[in-house]
1. Provide Ile588, Ile645 ordered by accessible surface of protein heavy atoms (probe 1.4 Å), highest first.
2. What's the carbon and sulfur percent of the range 1-149's accessible surface, probe 1.4 angstrom, rounded to a whole number?
3. Whole-Hz Karplus ³J(HN,Hα) for the range 6-13, in order, using 6.51 cos²θ - 1.76 cosθ + 1.60 and θ = phi - 60°, x for Gly and Pro?
4. Relative to the longest principal axis of the chain, what angle (0 to 90°, nearest 10) does the C-alpha long axis of helix 393-408 take?
5. Express the accessible area of the range 1-55 per residue in Å², computed with a 1.4 Å probe while the remaining protein chains stay in the model.
6. Keeping every protein chain in place, order Met350, Met114 by accessible area at 1.4 Å, biggest value first, i.e. largest first.
7. Mind checking which of Leu432, Ala359, Phe395 is farthest towards the positive end of the range 355-438's charge dipole, using Cβ charges of +1 (Lys, Arg) and -1 (Asp, Glu) about the Cα centre?
8. Taking all protein chains as present, what is the carbon and sulfur share of the accessible area of the range 180-307, in % to the nearest whole number, probe 1.4 Å?
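The values are calculated or read from the model by the stated rules, or taken from the named source; none is laboratory data. Just so we're clear, the structure is a prediction, and the values are computed from it rather than from any experiment. Ideal geometry is used to build each Cβ from the backbone, glycine not excepted, and the neighbour counts take in all protein chains shown. Accessible surface is based on the protein model in full, side chains and every heavy atom, while ligands, DNA and RNA are left aside. Shrake-Rupley method; radii C 1.70, N 1.55, O 1.52, S 1.80 Å.
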Amino acid sequence: MNNPLPTHAQTVIIGGGSIGCNTAYHLTKLGMTDVVVLERDRLTSGTTWHAAGLIVAGLLKTEAECEIYTHGRDLYASLEAETGLPTGFRDVGYLQIANNEERVHEMRRLAPFMRRHGINIHEVSPGEAQQLFPIGDLSDVLAGFYIPEDGRANPVDLTMSLAKGARMGGARIFEGVNVAEIIAKNGTATGVRTADGQTITAENVVICGGMWSRQLGAKAGINLPLQAAEHYYLITENIEGLPRDLPVLEDPSTYTYYREEVGGLMLGLFEPGAAPWKLDGIPEDFSFGEIEPDWDRVGPHLERAYSRVPSTLNTGVRKLFCGPESFTPDLAPLVGETPELRNCFVACGMNSLGILNGAGTGKVLAHWIVDGIPKIDVTGMNVNRFSRNEATRAFRRDRGPELLGKMFGQHYHNEAFETARDLKRSVIHDRLAAAGACFTEGLGWEMPDWFAPIPAQASVERYSWFRQNWFEWHAEEHRAAREDVILMDMSSMSKFIVQGRDSCALLNRLSCNDVDVAPGRIVYTAWVNEAGGFEADLTVTRLEVEKFMIVVGENSHGHTEMRMRRHIGEGEFVAIFDATPGVTQINIHGPKARELMQKVSSTDLSNDAFPFMSAQNIDVGYFNILALRVTFVGELGWELHVPAIHAVQVFDLLVEAGGEFGLRQAGMQTLNSLRLEKAYRDFGLDVDNTDNPIEAGLGFAVKLDKPGGFIGRDALAAIKSKGVPNNRMLQFLLQDPEPLLYGNELILLNGVEVGYLQVGGYGHTLGGAVGIGFATLDEPLTADIVNQGAWEIDVAGERIKATASLKPLLDPSMQRIRC
């Protein structure tokens, strides 16, 4: 029988599966001993108990993913020695296979990046792959990629070992305690109430409830868009001679993983067209439960899975298991402090990787709770990234079937989700489609990726890591921006109106730059945390003495709003309004931008009358429009913030007037290539919460001496006081015009690895692929080293000579912008 529940704990964790026990374990390691875990039934009874227990890397594309994975693998390998309880971990090895050139190329691109971050992945020949996995038919395989240290664990044993480790650190774990609601007061979580009416007050409440998290969070107004789906694996009868230490095999062409299971073979499916489960809510009494398999639906997928191991077709089936796993709309977990309630944290939506990533995620969240700042990049997993639209029943129903296959299949750099689209559309969407736009999706927004000459050609003929059918059309858009003029729909940019008596004080407290400027001025600034790490990069426009406008990328919408609201001081009066839905942002840029704009406006748009980094209300045809003279592409131009009711008319007017100036419409591919030629930074893509503006080359926008200081000021001052940093962000241009860059490619200086690219694109003006990334030395990275060093970029295992620069390689004096 459980001991009586306490009436108070420093931290209460809801859920006793892999994530809950990992979080408790890591909190105690940081010295937080007053931790209570509440499990509604028994430990592991949700989805942990039926997990396959794979401890394998997959393809990892971010430093954070690598850190989360390697921490878990290393902990699981040593945990038994600490707790005395077995985990079942065995480093049987992990083999990924590639049976087409695109997959080989993708793997060769990522393998060096993964090795740099502690993952011993190396390429093996088809013959070596066959020797590693003798039961399979690998006759079509072109290459394999093998990690000998990876393997498998027993999910139940592992969780019990973690639970013991947490108890050894002082945590208390209670089973058979169902949390009915999270108690809150004045926007802050203050505890939980159990189903039998008992209350536990707490400084921190942590939701680790797996697939129940969405419905529990909803009771407290917390948005957790995740959905359970059917997840299958088949286990054969015993196979004579099957090695117990057979490596885990992953095959994206069959959407299947294979591993030994008690003398038989397990075939685990991540099939396209999966089935969401219990859209209306997970039953509270579902414990150690199974779902009746749908043989008719899963049959064709099993047939494909068996094609890799045809020798097992005549072996009997011991079990076809179907159980639920929860998935998120973008296949990244939900982690962090919720925007709806202070001191309420969450770690859920693990996308069937709760064992694999449980330890790393638990460590991240523990630091977040104890230190207030996570130790790794969390921009891609932060729970505040979604709107409530992604949690609707219809969205979950439509996106769910795509997720398993998307997670496991072959990947491409520009491949977007195909289901649950049109969540957010600009009011000029139909005009863009008629102009030949091929749309991509980001954070629910439909955004033109590129434009075809005619709408019938506006689709990707074949996804590839090499040049695709739209490459030259994109190049024409790029050249138009540099030589003539382009129009871009940037309505996806988030726009907030911040006003009130204390609006300037709030924004200046958040901003590294000084935003206490005259009305009509625009300030580019970073926001950082107490350690000096980025929290945003954005523009602040002072519209009136007590009225400002924030413009920030769509990937930072929720985080930016949350940060502003959380930092309004006691007694301060500030109103924050999300203006994004009502404003259509049309950008006009290029050497002929002024000529085009002057044709449709009577306002004096000369450099003297309308200088760079200023804002004015101007007339455009019949309409009064807020115009910002600012750029993210490195050209003369304006952002036009058009009320939605005028947007179509303004768009038509600009297109008609732009004909004589060679106006072209341009998409996101061109935005990326233009801004990379100028080495403009983008929070969430190039820089994250572990980077700082000094090392990122944005020191010009940090005003250490401004009155009153700002959050993170002392940390940045300490960094700057050390002189030239050892770690600096540089721009790179490949000297060979053929290879393409996408990010994660290694940077080499004089033959030694010194970093990797955060992002890449093609610089059509510079004549080759461009990228930006941090290089780190054991000494100050001076301008002389940058200019005189022999730089190379590793592209899929081939070293390509590159030019490195601290300043933008295109227009470093900004003459094109300030003209």
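1. In descending accessible area the options line up as Ile645, Ile588.
2. Taking all protein chains in place, the range 1-149 shows 49 percent carbon and sulfur surface.
3. Residue by residue, the range 6-13 yields x, 8, 8, 8, 5, 9, 10, 10 Hz.
4. Approximately 80 degrees, to the nearest 10.
5. Working: 1770 Å² over 55 residues.
Counting only protein heavy atoms, the per-residue value for the range 1-55 is 32 Å².
6. Per-residue accessible area, sorted high to low, gives Met350, Met114.
7. Farthest towards the positive pole: Phe395.
8. On the way: 2400 of 4980 Å².
Result for the range 180-307: 48 percent of the exposed heavy-atom area is carbon or sulfur.
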